[in-house]
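The values are calculated or read from the model by the stated rules, or taken from the named source; none is laboratory data. If you're wondering where the values come from, they're calculated on a predicted model, not measured in any experiment. Quick reminder, even Gly has a Cβ in these numbers, built from the backbone with ideal geometry, and neighbours come from all protein chains shown. SASA here: full protein model, heavy atoms, side chains in, ligands and nucleic acids out. Shrake-Rupley method; radii C 1.70, N 1.55, O 1.52, S 1.80 Å.
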Amino acid sequence: FIQTLMKVKATLSTLSLEKVRAPYSSSMSLQETSMPQRDWIARRRPFTRFGLRPGTASPTTPWSQSQKFVIKVQDINDSEPKFLEGPYIGSVAELSPIGASVMKVTASDADDPTYGSSARVVYSVLDGEKFFTVDRNTGIIMTAVADLDRETQDRYELVVKATDMAGQMGGLSGSTTVTIVITDVNDNPPRFPQKMYQFSLSEAAAVGTPVGRVIATDADMGENTDMVYLVKDGGDLFKVTTDVETQEAVVSIKKPLDFESKRTHNVVVEAVNKHVDPRFVDLGSFRDQTIVRVSVSDIDEPPIFQPAEGAIMEVQEDAKVGALVGIVTARDPDVKNKPVRFSIDRTTDQEMIFHIDPDSGAITLGKILDRETAGWHNITVKAVEADNHTMASHSAVSIRILDVNDNPPELATPYEASICEDAKPGQLIHTISVVDRDEPQSGHRFYFTLAPEDSSNRHFTLWDVKDNTAGIRTQRSGFNRHEQNVYYLPILVVDSGPPSLSSTGTLTIHVCGCDTEGAIQSCNATAYVMSAALSPGALIALLVCMLILIVLVLLILTLKRHRKGQRMAEDEEDMRDNVIKYNDEGGGEQDTQAYDMSALRNLYDFPEAKSCDSGPDIRSLPQWIQANRVGGGAEGPAAAAADFSLFKGYIRKKVEQADADLSVPPYDSFQTYAFEGTSSPALSLSSIHTLSTTSEQDFSYLSDWGPRFRQLAGYYAPGNPDEEGS
């Protein structure tokens, strides 16, 4: 239509008409047509009746004027309906009722809606009318059946046609494709592919071990497939959980399995939809069940104690060694039921207080018990198979020691009490209590009384308070601490048994001096006497004198120690090394001026020995050795014995001199004497005497060594025999 108007406008733009005085209408109507241009020229010929031509003015008209004409184009049905938004995609839930709205389609017609029926559009379904319909006037697509099933077919394609002229003959039409997706609803229950699943598991499997996985299928999709699994039968030993990722049922152990008790277990597992649509409950139950059969396999198991949680035994405290404490029981749970052997874990009974019979499991005493030392004993008993010690199990055994009355009651502490000298008769002095290491089941009950040897005490009396305590009261007044300042009161305590045991404790009572208000001032009678006899000034003087005496004694001891130290220092000064050190190089044996020979010889010079007539000179001592070596024969031993007696006399004399010397320490000392004789029985070891030998060695080369060896060369130089002898 628009294109046609544009053509008319282009044609009329070339037409220019001048207004004439003739009474012509200035308005004209032009019907939309497809007339060629020459027909337009033919239709314009009526203008020539007035002697006018298009585009020219009248020669007789003195003036001219242009006129605008409005041409109204009338519509014809030349445009077909079009679906501008197609193709269309819609959705509808499965099992929707008939007439359920799916979506709306709209077609547009370019014709004038106000002129005739050219733009009046009606809708119809060309393909798919079996399942869907469309409203003729509104274009709303609706379901035609109520049994649309997504699981059977999840989408449909329709062809919708739009026709103008209200569907009359000669009307134009257009079509579009509509895709309808069937959405899911929870109309299918879960279903197990199998009615029974079989699994096998060892009886040693730990609690929580997975047995297997099963899964139920659901034809729905999305959250409509979510389900949970429940155990309907067999929930005592097994449990089931849901894997949210795979929607599988995981069957696991809830309690330990026992092959000997039951070898096969049937577990009923049920799958239930989580999101049930109440509109479809009449379709059936949205749950399904299956059987999970679990076969338990046997293994070699360690012995089992009965009871498994351990045993508690009791034994009397005074039970004898070897007495039976109790019996532990264990068995082999396997079918073979092998014999079991028992033992005690010695790490729990290091003192070996208990013994166990390896065959019967009887526990006996190995030592005397004492409940007061240990009221409970916790030991561990081990049970093993007789032919397979690797199959072992342990059980805790708690042994309670039952108390017997074997400890007498005793005073809680060594009680001491104090009374004033002016105490009144019947005055409560002190309250005492006792302790008993025993623990009778009925509780303690103690009885107090004075000891038989002091039952007629005229100073104090004992009062049993009946609550396991007793009070001490005075029987008279007028105590005098100068006459007796301490009283010892023996108290006999007896328990309730059985058997009844008793002990005697002593209460010490001090008599003290008190002030007018009864406050104790002093409990010492001696101090009281001294304080009455001496004034404070005299006591201070006495203490000063004692301090002076102590200082004097310390000074005397210090002086004696100082003198003794000086004397020992003098003795130490007399001691010196007997080694003469020098580093000078001498000129040989003939050089007697290089050093003083007397400095070496005075080491053995003993003047006190020379002045003594009772012994020989020490220098003559080695001569008896030479005499013994030269004499030989039968006289040798006798001479040696005689000379040795002289040596003993010399030593005796030296000892007497040491004993008489007041400067030496007054205790045993070790005296050392060293002597060097004039010659040696081993002869000289010097090479100088080699000239007297028959050596054939020539020493003439010594004269060529220089002046330092001239003296030595003179000794070894060959000469006449006379010179050698001299």
Checklist outcome for this item: Per the rule of 0.36 nm per residue minus the C-alpha distance, extending Val321 to Ser442 adds in nm 40.8 nm
Checklist entry - segment 469-522: which trypsin sites (Lys or Arg not before Pro) are DSSP loop and have at most 13 other beta-carbon atoms within 10 angstrom? => result Arg476
Next on the checklist: Please list, ordered by chain and number, the residues whose modelled amide H lies under 5 Å from the amide H of Gln427; skip anything fewer than 5 residues away on the same chain.
Outcome noted: Thr474
Checklist entry - Taking a point 7 angstrom from the Cα of Glu151 along the C-beta vector, which residues in segment 73-107 have backbone N less than 16 Å away? => result 94-96
Next on the checklist: Taking a virtual spin label 7 Å from the Cα of Asn337 along the C-beta vector, which residues in segment 259-281 bring their backbone nitrogen under 15 Å of it?
Outcome noted: 260-261
Checklist entry - Using alpha carbon centroids, what distance separates segment 338-380 and segment 138-195, in Å? => result 88 Å
Checklist outcome for this item: Computed from the beta carbon distance with a Förster radius of 41 Å, FRET efficiency for Leu539 and Ser503 to the nearest 0.05 stands at 0.35
Checklist entry - Residues with amide H under 5 Å of Met391's amide H, sequence separation 5 or more or different chain, H placed in the peptide plane at 1.01 Å from N; which? => result Glu385
Checklist entry - When all protein chains stay in place, what accessible area (Å², nearest 10, 1.4 Å probe) is found for Arg331? => result 100 Å²
Checklist entry - Once fully extended, how much extra length lies between Gln67 and Ser477, figured as 0.36 nm per residue of separation less the alpha-carbon to alpha-carbon distance? => result 131.3 nm
Checklist entry - Ordering Arg279, Arg191, Arg150 by how much accessible area each has at a 1.4 Å probe, largest first, what is the list? => result Arg279, Arg191, Arg150
Checklist outcome for this item: With every protein chain in place, the accessible area of Ser500 for a 1.4 Å probe, in Å² rounded to the nearest 10, comes to 80 Å²
Item to check | Mean Cα-pair separation over length for segment 385-488, i.e. relative contact order, pairs under 8 Å, 6 or more apart, % | outcome: 29 percent
Checklist entry - If R0 is 35 Å, what FRET efficiency do you get for Lys195 and Asn388 from their C-beta distance, rounded to 0.05? => result 0.25
Next on the checklist: Over 29 Å between Cα atoms: which of Lys424/Lys466; Lys338/Lys367; Lys232/Lys336; Lys255/Lys382 fall into that group?
Outcome noted: Lys338/Lys367; Lys232/Lys336
Checklist entry - Given 0.36 nm per residue, what is the gain on full extension from Tyr715 to Asp282 after removing their alpha carbon distance, in nm? => result 140.7 nm
Checklist entry - Just how far, in whole angstrom, is segment 424-474 from segment 77-119 if you go by their alpha carbon centroids? => result 118 Å
Checklist entry - In terms of modelled amide H atoms, which long-range or inter-chain residues lie less than 5 Å from the amide H of Arg120? => result Met165, Ala166
Item to check | Radius ratio Rg over Rh of segment 366-451, counting only Cα atoms, Kirkwood formula for Rh | outcome: 1.35
